[in-house]
C-alpha cells in the first residue's frame with residue numbers, strides 16, 4: 001500500500017490556532033486544525049487507497065487488543081505540508097533531550113474504526129529514523145466526529161449517514177487514573193509524547209458511525 005499514488009487535498013496554512021494543553025506539553029489538542037473540506041477529502045483519499053484489517057494476538061500474548069482498518073503511504077511532501085501548516089509553530093519551543101522538532105514522519109497512516117472496533121490500552125514507541133532522527137510525539141488528526149464548525153454538521157463516512165458516537169481517546173496516569181478523555185471531532189489534531197514517557201492510552205469502542213484518523217509522528221533531531 002505504501003507505494004500507491006493518491007490525490008490528497010490542498011492544505012491551507014492555519015493562523016491563530018487554539019492550543020489546549022491537557023497535560024502540559026505531554027498532551028495537546030488543536031481544534032479545527034483541518035477544515036471540514038480537508039477532513040472529508042482525506043477520508044475519500046484514504047478510502048480510495050483501500051483499507052486492510054489490522055488485528056493483534058491480544059493481551060494473552062502480550063499485545064494490546066486491536067481491531068481496526070489501516071492503510072499507509074510514504075509521502076514526505078504531504079508530511080511537510082501538514083507540518084508547515086501550523087504544527088511547526090506549536091513545537092517551536094518544545095525540546096526533547098536538547099533536540100528540536102524538525103518535521104513529521106513521512107510514514108502516513110490512516111485508521112478506520114467501524115461499529116464495535118477499538119484499540120485497547122497501549123503505549124506508542126519512539127522510532128529511530130536514522131541520521132540522528134527519532135520520533136518523540138504521536139500526531140493524530142481526527143477526520144470524523146462531532147464538528148467544531150457551525151457551518152457544517154459533521155464529516156460523514158462514505159456510504160454512512162450516521163454521525164460518529166464513541167471512539168474516544170482516553171489517557172491514563174498512575175493507578176489507571178484517567179488523565180484525559182478526548183472525543184473525536186473532525187479536523188482536531190491531538191499530539192502526545194511517546195516513547196519512555198508515553199501515557200497508557202486506548203481508543204474506545206465505536207458505537208455508531210465510522211471513525212477516521214490521520215496518524216503520523218513528530219520527528220526530533
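The values are calculated or read from the model by the stated rules, or taken from the named source; none is laboratory data. Bear in mind the structure is a predicted one, so any value in this text is a computation, not a measurement. Using ideal geometry, Cβ is built from the backbone for each residue, glycine included, and neighbour counts are taken over all protein chains shown.
Brief remarks follow.
- So residue 150, is it modelled with pLDDT under 95 and under 14 Å from residue 35 (Cα atoms): yes
- Test: residue 109 is surrounded by fewer than 21 Cβ atoms within 10 Å (Cβ to Cβ), assigned to a strand (DSSP E or B) and at pLDDT 95 or above: yes
- Taking the criterion of being more than 22 Å from residue 187 (Cα to Cα) and either in contact with a helix residue (DSSP H, G or I) (Cβ under 9 Å, 6 or more places away or on another chain) or crowded, with 16+ Cβ neighbours inside 10 Å (or both), the residues of region 86-100 that qualify are 94, 96.
- Residue 110 vs. criteria touching a helix residue (DSSP H, G or I) at 6+ places or on another chain (Cβ under 7 Å) and within 23 Å of residue 167 (Cβ to Cβ): yes
- Flag for residue 33 being at pLDDT 90 or above and either out of contact with any helix residue (DSSP H, G or I) (no Cβ under 6 Å at 6 or more places or on another chain) or assigned to a strand (DSSP E or B) (or both): yes
- Failed item, numbered, when residue 102 is tested on (1) at pLDDT 95 or above; (2) within 14 Å of the chain's Cα centre (by Cα): (2)
- On the stretch given as region 6-21, residues that are out of contact with any helix residue (DSSP H, G or I) (no Cβ under 7 Å at 6 or more places or on another chain), at pLDDT 95 or above and more than 24 Å from residue 163 (Cβ to Cβ) total 1.
Per-residue answers, yes or no, for (1) part of a loop (DSSP other than H, G, I, E, B); (2) out of contact with any strand residue (DSSP E or B) (no Cβ under 9 Å at 6 or more places or on another chain); (3) touching a residue at least 60 places away in the same chain (Cβ under 8 Å):
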position	(1), (2), (3)
70	no, no, no
79	no, no, yes
88	no, no, no
92	yes, no, no
101	no, no, yes
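- Options 209, 167, 187: the member that is buried (at least 17 other Cβ atoms within 10 Å of the Cβ), in contact with a helix residue (DSSP H, G or I) (Cβ under 9 Å, 6 or more places away or on another chain), at pLDDT 95 or above and at positive phi: 187
- Scope region 116-130; condition surrounded by 17 or more Cβ atoms within 10 Å (Cβ to Cβ) and outside any strand (DSSP E or B); matching residues: 117, 124, 126
- Within the span defined as region 35-53, every residue fails to be within 30 Å of residue 177 (Cα to Cα) and crowded, with 16+ Cβ neighbours inside 10 Å.
- Residue within region 42-53 that is without any contact (Cβ under 8 Å) to a residue 24 or more places away in the chain, under 18 Å from the mean Cα position of the chain (by Cα) and either assigned to a loop (DSSP other than H, G, I, E, B) or more than 24 Å from residue 197 (Cα to Cα) (or both) present: yes
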